[in-house]
Amino acid sequence: MKLFRLIVLLAAFSFTTTATAQKIGDGVTIVHFNAEWNSANAVEWIDKVSECKVVKIDIATNPKAQQRHKIIVVPTLILFKDGEEIKRWQANVSFHLEEDLSEIQEEIDEQNLSDF
């Protein structure tokens, strides 16, 4: 029974990791890394960015993504273009992200315009 649970957990984790990688792979994507225990400092405006995909990852439930992307503080925002990390914004010592929507949107717009 324990072996069965382990197999199910590994399969679910593998699916989550693959699904996240597929979401990051195409075009411009911003990934919001945070944790449930830090929800008070979540980037509430992240869903207001435009012209890119938004992916949210809870590092407490997805530690593999935390390791893969070298997340050391939350919240962290990483901007990807076609699967490649372009820019990273990390929280300060108070676990608060100092950048605002306009600064992040400006970088997203710049990445989208760079294709033309």
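Go through the residues of segment 52-59 one by one and say whether even a single one is in contact (Cβ under 8 Å) with a residue 40 or more places away in the chain and not hydrophobic (A, V, I, L, M, F, W, C). No - not one qualifying residue is present in segment 52-59. Considering each residue of segment 86-96, count those that are surrounded by 15 or more Cβ atoms within 10 Å (Cβ to Cβ) and either farther than 14 Å from residue 43 by Cβ or in contact with a Phe, Trp or Tyr (Cβ under 6 Å, 6 or more places away or on another chain) (or both), and give that number. Matching residues across segment 86-96 total 2. Could you please find all residues in segment 100-116 being in contact with a helix residue (DSSP H, G or I) (Cβ under 9 Å, 6 or more places away or on another chain) and surrounded by fewer than 17 Cβ atoms within 10 Å (Cβ to Cβ)? Correct list: 100, 101. Counting only residues that are farther than 18 Å from residue 107 by Cα and β-branched (Val, Ile, Thr), which one in segment 47-61 is surrounded by the fewest Cβ atoms within 10 Å (Cβ to Cβ)? Filtering first and then ranking leaves 61.
Values in this text are rule-based calculations from the coordinates and carry no lab data. As the structure is a computational prediction, the values presented were derived from the model and not from experiment. For neighbour counting, all protein chains shown are included, and Cβ atoms are generated from backbone atoms with ideal geometry for every residue, glycine included.
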